[in-house]
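Q: Quick one: the structure is below, and I'll ask about it shortly.
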Amino acid sequence: MLEVLTGTGLAVAAGLNAYIPLLLLGLAGRFLDVVTLPAGWTWLENEWVLGGLAVLLVIEVVADKVPAVDTINDWLQTIIRPAAGGIVFGSGSGAQTVAVSDPAEFVASQEWVPIAAGVVIALVVHLGKMLARPAANALTAGAAAPVLSTAEDIGAIGFSILALVLPVLVVVALLALVIAVPLLLARARRRRLSVDQV
């Protein structure tokens, strides 16, 4: 069960920002004893891969903070984020972490299943983000872009760390995300309506 929570947390993070969970998983596998990636996924620990992910992360972080550019970026990321979700779910659920000591039971028989699950989870999160962002930008005249982007980046970091260290808390974080997003959008809509009425 912990394998599924680890993979889910990493895939959710990939839906928010493709490069944060990939980079954190690769760095953890390379430098920390708490994560040992499966043999087929050790390429994530390669210094060239880590350097490339860091460059892509910087580009993503900057582009996602600019209104209108963030929407274009979301369209471009429609393939990348689900693919990253598949990679991190497959590698994360098969990795030995502090909480997961025998991943072989989960991925031994059908290795494509965790990858497909990661793709679907990341795609759902990405589509929700992609649909909410233009509405939030319209309601706030673009002021929401940097705030939401920063919150998404922090969320991706949080989900990635929880998935690797305390995967049980991924469920709590998912519930908080599901509750918080509609409340924040409703609050922004009310604020916009009150400004329009003045």
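Q: Out of (1) in a helix (DSSP H, G or I); (2) free of Cβ contacts under 8 Å to residues at least 24 places away in the same chain; (3) farther than 16 Å from L57 by Cα, the odd one out for A141 is which?
A: Tallying (1) in a helix (DSSP H, G or I); (2) free of Cβ contacts under 8 Å to residues at least 24 places away in the same chain; (3) farther than 16 Å from L57 by Cα, A141 fails exactly one: (1).
Q: For A54, state whether it is at pLDDT 95 or above, in contact with a Leu (Cβ under 7 Å, 6 or more places away or on another chain) and closer than 30 Å to L148 by Cα. Don't jump to the end; show me each part of the working.
A: Working: at pLDDT 95 or above: yes; in contact with a Leu (Cβ under 7 Å, 6 or more places away or on another chain): yes; closer than 30 Å to L148 by Cα: yes.
Criteria met by A54.
Q: Hey, another quick one. Is there any pair with a first residue in segment 41-60 that is under 21 Å from G90 (Cα atoms) and touching a residue at least 40 places away in the same chain (Cβ under 8 Å) and a second that is assigned to a helix (DSSP H, G or I) and of a type in the set (S, T, N, Q) whose Cβ atoms are under 9 Å apart and which are 6 or more apart or on different chains, and what are they?
A: W41/S91; L44/S91
Q: Does F159 qualify as being of a type in the set (F, W, Y), modelled with pLDDT under 90 and either part of a helix (DSSP H, G or I) or surrounded by 13 or more Cβ atoms within 10 Å (Cβ to Cβ) (or both)? Working first, answer last.
A: Numbers: of a type in the set (F, W, Y): yes; modelled with pLDDT under 90: no; either part of a helix (DSSP H, G or I) or surrounded by 13 or more Cβ atoms within 10 Å (Cβ to Cβ) (or both): yes.
For F159, the condition - of a type in the set (F, W, Y), modelled with pLDDT under 90 and either part of a helix (DSSP H, G or I) or surrounded by 13 or more Cβ atoms within 10 Å (Cβ to Cβ) (or both) - is not met.
Q: Taking L139 as the residue in question, decide whether it is buried (at least 16 other Cβ atoms within 10 Å of the Cβ), out of contact with any Lys or Arg (no Cβ under 7 Å at 6 or more places or on another chain) and modelled with pLDDT under 85.
A: Working: buried (at least 16 other Cβ atoms within 10 Å of the Cβ): yes; out of contact with any Lys or Arg (no Cβ under 7 Å at 6 or more places or on another chain): no; modelled with pLDDT under 85: yes.
For L139, the condition - buried (at least 16 other Cβ atoms within 10 Å of the Cβ), out of contact with any Lys or Arg (no Cβ under 7 Å at 6 or more places or on another chain) and modelled with pLDDT under 85 - is not met.
The values are calculated or read from the model by the stated rules, or taken from the named source; none is laboratory data. Predicted, not measured: the structure shown is a model, and the values here were computed from it. As a convention, Cβ positions derive from the backbone with ideal geometry for all residues, glycine included, and neighbour counts pool all protein chains shown.
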